Structure formats: C-alpha cells, structure tokens
Amino acid sequence: MTSEEGRGADAAAIDVAYVARLARIDLTPEEQARFQRQLDEVVAYVRKIREPDTSGIEPTAHAVAVRNVFRDDAPRPGLDRGEVMANAPAVVQGLFRVPQIVE
Amino acid sequence: MAEPVNRALPTAHAALARLRRGECSSEELVRDVLGRIRATDGGIGAYLWVDEEDALGQARAADARRAAGNEGRLLGVPVAVKDVLNVRGQPCTCASRILRGYVAPYDATAVARLRAEGAVFAGRTNMDEFAMGSTTENSAVQVTRNPRDPERVPGGSSGGAAACVAAGEAVVALGTDTGGSIRQPAAFCGCVGLKPSYGRVSRYGLTAFASSLDQIGTLSADVRDAALMLQVMAGADCMDSTCLDAPVPDYGAALRDDLRGMKLGIPREYFVGGLAPEVETPVRAAIEQCRALGAEVAELSLPHTEYAIATYYVIAAAEASANLARFDGVRYGRRARAESDPMTMYCRTRAEGFGAEVKRRVILGTYVLSSGYYDAYYLTAQRVRTLIRRDFEKAFAHCDALLAPVAPSLPWRLGEAADDPLKMYLGDIYTVTANLAGICGMSVPCGSSADGLPVGLQILGPALGEEKVLRVGHAYEASASRPAAGP
C-alpha cells in the first residue's frame with residue numbers, strides 16, 4: 001500500500017472499461033465516459049476507509065457471528081420443475097439452452 | 001400541482017378488531033384498498049402490479065376461514081409487497097428490465113408466515129432497481145411520487161411501499177433495508193418504518209443485494225402494526241442459516257405509554273454540519289418529548305461515523321457484484337438476442353437488462369474485489385466495520401436506545417440527485433451504520449417542515465433489541481398524537 005500511495009491517487013484509479021469486462025457488462029462509449037467520471041469520484045471518496053487505524057482489528061464479515069448452523073438432513077419436496085423452467089429464456093427438452101460453449 | 005394525498009385506511013390492528021367483531025369482511029376491506037389504488041395511484045405510482053381478482057379471491061378465502069372458526073393473527077389483512085420479495089405465482093422483477101416476466105415459484109419465508117396467518121397479498125410495490133438507490137428513481141419501470149408533495153421523491157429503495165402506506169393505498173407493506181431503504185422512505189413519506197436486527201427475519205426468498213446487510217421489515221401507519229407484523233415474521237428458519245435461533249418476545253407487550261427508566265443516547269456525530277435545520281428542529285423537539293415521557297437522555301459519541309458511508313459502499317457494492325452475477329441470461333429473466341457465444345450473451349444481456357445505478361455498483365464491487373485491491377478496499381472496509389460495530393456496542397452498554405435523525409435533508413425534488421451517485425450516497429449517512437452493525441432501527445414521524453414535508457425520528461436499538469425500539473417509538477407516537485388534534 002505504501003508504494004501505491006507513493007505513486008499518488010491515480011495509481012489505484014478504477015479502469016471502468018476493464019472492470020466492466022470483468023463484470024460481464026458491455027458499456028456504450030457514453031456510459032463508459034460517464035461511469036469513469038462518477039466512479040473516479042466514488043473511489044476517491046471511499047479511500048476514507050484507510051484513515052482510521054485498523055491494525056490488529058478483526059474484519060467483520062457478518063454483523064452477527066453464527067457458526068455451523070445445521071438442519072435435519074430430511075428429504076422434502078423441491079420447487080416444481082415446470083414452474084421453474086417457465087422462467088427460463090430458452091429451454092430445450094426441459095433443460096436450459098445456452099450458446100455453444102465447447103468447440 | 002396535485003394536492004397531497006392523505007391516508008384514509010385503518011391500521012392493520014384496527015382492521016383486525018373490526019374483522020373479528022364481524023363489522024366488516026376482508027372482501028370489503030380489500031375492495032376499499034383496491035378502490036383507493038384505482039383512485040389515487042395514477043398520480044403516485046406506488047404499485048407495479050395489482051391483480052384485483054386474485055386479491056379478492058384471497059380475501060373471500062380469508063372470510064371463509066374466519067366463518068369456519070379458524071382465526072389467524074392477520075386473517076384478512078391486505079399487505080403490499082416490495083417487488084424484491086417472492087410471493088408464489090406473482091411477478092417479482094426487482095423493478096428491473098432483466099427480470100421482466102419473472103413469476104415467483106415459491107413464497108419467501110416472511111411471506112409464507114404472513115400467509116399462514118391469513119394475510120392477503122394485494123400487489124407489488126415500486127423500488128429502486130434491485131434496491132439500489134435512495135429515491136426510487138432507479139426503478140426501470142416508473143416514477144413514484146411522494147404523497148405529501150408529488151414534486152418530490154418518496155425516498156428509497158422501498159419508495160413504493162412507503163408511498164402506498166402514506167397515501168392510504170395499503171394497510172401495511174413489506175420492505176427491505178440494506179442501508180436505510182425502509183427507514184428513509186418512511187421518514188420522507190411520513191409513516192413508520194421498522195428495520196429489524198440482522199438475522200431477526202429470514203431472508204429466504206428475498207432477492208439478495210448485499211447479503212450481510214439486507215433485512216426484511218415493514219412500512220406501516222403506526223408502531224403497533226410494525227410490532228404485529230414482526231411478531232409473525234421473526235424467528236429461526238432452516239432456509240436461512242443467518243436467521244437467528246433466538247426466542248421471539250411478545251412485541252405487543254413492549255408497547256407502553258411512558259419511557260420511565262429508559263436511558264436514551266444522542267449520538268453527537270449525527271447532529272453535525274450537513275444536517276438541515278428543518279430536520280434538526282423537529283428531531284430535537286422529539287428528543288425533548290421523550291425526556292418529558294420519563295426517559296433519561298444523554299449525549300454520547302459514535303466516533304467512527306464519518307467512515308460509515310465509505311465502508312458501506314465498498315461492502316454493499318462488493319456483495320452486490322457477487323449476488324448479481326446470477327443474472328446471466330441462462331436460468332431466468334431476459335436474454336439478449338445475440339447468442340453467438342456465451343461471453344457475448346452475458347455482456348449484452350447485462351448491458352440491456354441492468355440500469356445505470358446497478359451497472360455502477362456491480363462495476364465498483366467488481367473493482368474492490370479484484371486482484372490487488374481486495375485487501376486495500378474490501379478487507380479494510382470489513383475492519384472499519386468492526387470499529388463501527390464496537391462504537392454501538394459501547395453505546396448500548398450505557399443506554400437502551402439511541403435517538404437521531406433518519407436523513408440529513410427533507411425529501412429531494414424529483415431529478416435533484418438522479419445522476420450524481422456520490423451526492424445520493426452521502427444522504428445515507430445516518431442509516432447505513434445500523435446495517436453495518438447489524439442492529440435494529442425504526443423511523444417514526446416526528447412532525448413536518450414549514451412546507452409540510454414529513455420528518456422522521458430514528459430510534460436505534462441493540463441487536464435483537466426490537467422491544468426497546470418499539471417501546472420508545474410507541475410512547476413517542478402516542479404522546480405526539482395526544483395534545484394537538486388535527487383540524
């Protein structure tokens with residue numbers, strides 16, 4: 001983090017075009033420019049989280065720590081297949097149809 | 001400008017009393033609600049979907065159940081549901097294009113528990129897309145107007161739920177609160193909004209936004225209705241391992257008319273610069289009213305408040321980016337026409353299906369979780385979250401509940417913050433802390449500005465301290481309605 005801070009705020013700047021690709025979202029050139037400007041501002045703001053001293057502080061993943069929650073391993077009916085598949089955009093023989101993945 | 005719309009429906013508990021005495025039927029009550037929706041919702045836009053025949057069918061079934069001597073704690077009471085919660089056989093679109101046409105194949109646990117007690121599910125209410133926003137302007141479907149001033153936003157993300165309760169188009173409504181999405185619209189519209197503690201109500205069947213912060217709660221006309229609804233929904237659920245297996249107290253018994261013996265804290269950091277005087281004045285008056293009701297009131301400090309917004313937007317965006325990965329055009333929702341290869345299908349489906357705010361948050365969340373930035377953002381935010389949680393633990397060691405404003409400003413004008421995300425995020429300063437800490441909170445109307453815009457008093461209680469929050473809210477509400485009868 002020290003070297004990053006040494007290179008100034010731009011070192012950690014968000015590259016919206018690249019991250020949108022990771023997030024599997026196509027952006028129009030207009031969206032890309034607008035989100036870049038808006039998210040630059042947001043990212044600069046959220047760097048505030050580095051101000052307080054957090055050394056030795058445990059991270060909180062959930063506000064209420066619960067561990068090893070089990071339920072009885074009892075069979076019970078699942079969702080109705082027809083109702084579930086009715087929400088799918090493309091179905092073949094009761095299965096989800098997708099574009100070819102393996103050549 | 002249209003006239004402000006005011007409420008002319010009974011509360012759920014008043015309606016139940018009439019139903020039980022046989023003074024009205026559920027069918028009549030539901031007809032009243034449907035009539036109100038038809039008469040006023042054209043100018044408000046609170047509902048996304050209403051099926052009159054289905055609602056009346058449920059109401060007649062409730063009347064038949066009562067006639068058969070089979071009571072229920074909500075038998076015959078219509079409930080409006082935010083479009084993010086699954087009600088079997090009804091649409092659930094999260095006000096997003098990507099889920100247009102989706103029909104829920106099952107009931108959320110909260111919905112199933114209300115249904116078992118006889119509730120009638122009358123319609124789906126508007127919201128910010130996937131609950132991301134503070135004005136309901138991020139809905140991909142329609143604008144919702146504030147019933148108290150149609151030129152202003154109802155707040156969000158449960159803006160439709162708050163507006164329909166405030167406008168008397170719903171007896172009571174379900175909402176969800178990830179960073180203030182119940183409390184803030186309740187304050188903006190002038191109704192009661194209860195966000196239970198994290199883990200108090202099962203999240204099964206709630207379309208996840210930020211799983212460590214989301215919680216289901218209610219928008220209602222009074223505190224007693226909030227207690228009644230929570231009573232039915234709260235408690236362990238094998239379908240949500242984060243739902244706590246803690247006893248559910250009798251919330252109705254917590255409602256008393258005085259605050260004697262209670263210690264209430266006023267967090268200094270919630271009254272600093274940025275708080276509008278039109279909000280501060282009624283909130284300060286409400287605090288004095290609580291003192292007059294017998295509470296001991298003292299200032300205290302929540303020193304890490306200034307980091308809450310930054311912490312929240314890192315964590316919420318990170319969790320949203322993971323949760324919304326499921327919307328890929330394969331199993332449900334819409335798929336873009338281009339199907340040449342999976343990558344193109346994903347990218348175009350999400351480009352066409354998500355609105356601007358959802359895209360921004362998914363991109364932000366992907367960024368803070370991406371290689372090289374995880375420690376700097378996400379892990380650091382989780383550490384600051386611990387500091388914020390500890391602030392509250394220390395505060396609640398000395399007092400029963402905290403009193404504060406809900407939002408720093410009066411309801412915004414429509415369009416005022418629509419394309420300025422950071423400005424909108426900063427308005428969540430007083431509400432995101434409760435979600436980060438997992439504690440409970442409620443907004444109760446505490447008067448109006450000079451222009452007649454509603455202001456909310458926020459009551460924060462410790463984790464699983466809903467009885468305290470409800471007690472304070474009820475005592476304040478009862479005293480506020482006592483002296484000055486309306487015109």
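The values are calculated or read from the model by the stated rules, or taken from the named source; none is laboratory data. What you are looking at is a predicted structure, and each value in this text was computed from that prediction instead of being measured. So basically every Cβ, Gly included, is an ideal-geometry build from the backbone, and we count neighbours across all protein chains shown. For accessibility, only protein heavy atoms count, side chains too; no ligands or nucleic acids. Shrake-Rupley method; radii C 1.70, N 1.55, O 1.52, S 1.80 Å.
Overview of values
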{"read-out": "Cα centroid separation, the range B:125-164 to the range B:308-352 (Å)", "value": "23 Å"}
{"read-out": "Per-residue mean of C-beta atoms belonging to partner chains within 10 Å, peptide B:316-325", "value": "1"}
{"read-out": "Cut-off under 5 Å, modelled amide H: who pairs with B:Val120 long-range", "value": "B:Gly76, B:Val77, B:Val79"}
{"read-out": "Whole-Å distance, taken between Cα centres, linking the range B:226-292 and the range B:362-385", "value": "31 Å"}
{"read-out": "Accessible surface of B:His474 - all protein chains present, 1.4 Å probe, nearest 10 Å²", "value": "20 Å²"}
{"read-out": "Solvent-accessible surface (1.4 angstrom probe) belonging to A:Ser55, in square angstrom, nearest 10", "value": "90 Å²"}
{"read-out": "Taking only Cα atoms of the range B:95-171, radius of gyration then Dmax in Å", "value": "13.5, 39"}
{"read-out": "Distance cut-off 37 Å, percentage of C-alpha pairs in chain B lying past it", "value": "21 percent"}
{"read-out": "Per residue, in Å², the accessible surface of chain B once ligands and nucleic acids are set aside, probe 1.4 Å", "value": "32 Å²"}
{"read-out": "In the protein assembly as shown, lysine pairs with alpha-carbon atoms under 28 angstrom apart (chain gap of 8 or more, or interchain)", "value": "17"}
{"read-out": "Interface residues in the range A:14-34 - accessible area drops by 20 Å² or more relative to the isolated chain, probe 1.4 Å", "value": "A:Ile14, A:Val19, A:Arg21, A:Leu22, A:Ala23, A:Arg24, A:Ile25, A:Asp26, A:Glu31, A:Arg34"}
{"read-out": "Rel. contact order, % - alpha carbon contacts under 8 angstrom, at least six apart, chain B", "value": "17 percent"}
{"read-out": "Inter-site label distance for B:Arg31 and B:Ala298 at 7 Å from Cα along Cβ, in nm", "value": "5.8 nm"}
{"read-out": "Between the range B:43-122 and the range A:13-49, the Cα center-to-center distance that results, in Å", "value": "39 Å"}
{"read-out": "DSSP bridge pairs, the protein assembly as shown: antiparallel proportion in percent, nearest 5", "value": "70 percent"}
{"read-out": "Size of the B/A contact, given as accessible area buried on both chains, probe 1.4 Å, in Å²", "value": "5700 Å²"}
{"read-out": "Contour excess over end-to-end distance, with Cα ends at B:Ala64 and B:Ala39 and 0.36 nm allotted per residue", "value": "6.2 nm"}
{"read-out": "Summed residue charge, Cβ within 12 Å of A:Ala17's Cβ, Lys/Arg positive, Asp/Glu negative", "value": "-2"}
{"read-out": "Amide H partners (placed H, <5 Å) of B:Leu300, local residues excluded", "value": "B:Ile266, B:Arg268"}
{"read-out": "Interface residues, the range B:401-422 - accessible area loss of 30 Å² or more versus chain alone, probe 1.4 Å", "value": "B:Asp419, B:Leu422"}
{"read-out": "Protein accessible area in chain B, 1.4 Å probe - carbon and sulfur %", "value": "50 percent"}
{"read-out": "Gaussian network model of chain A, Cα within-10 Å springs - most flexible of A:Ala90, A:Ala13, A:Ala33", "value": "A:Ala90"}
{"read-out": "Long-range HN-HN contacts of B:Gly168 with modeled amide H, under 5 Å", "value": "B:Ala8"}
{"read-out": "Table column - 3J(HN,Hα) (Hz), the range B:466-477, Karplus curve with 6.51, -1.76, 1.60, x for Gly and Pro", "value": "4, 4, 5, 4, 5, 5, 4, x, 5, 5, 5, 4"}
{"read-out": "Where N is the number of residues in the protein assembly as shown, Cα Rg divided by 2.2 N^0.38 Å", "value": "0.93"}
{"read-out": "Length gained when the stretch A:Ala74-A:Ile101 is fully extended (0.36 nm per residue, less Cα-Cα span)", "value": "6.1 nm"}
{"read-out": "3J(HN,Hα) from dihedral phi, the range A:35-50, Karplus parametrisation 6.51/-1.76/1.60, rounded to Hz, x for glycine, proline", "value": "5, 4, 5, 5, 6, 4, 5, 5, 5, 4, 5, 5, 5, 3, 4, 7"}
{"read-out": "Cα gyration tensor shape of the range B:56-138, rounded if a/c is under 1.5, else prolate or oblate by comparing a/b with b/c", "value": "prolate"}
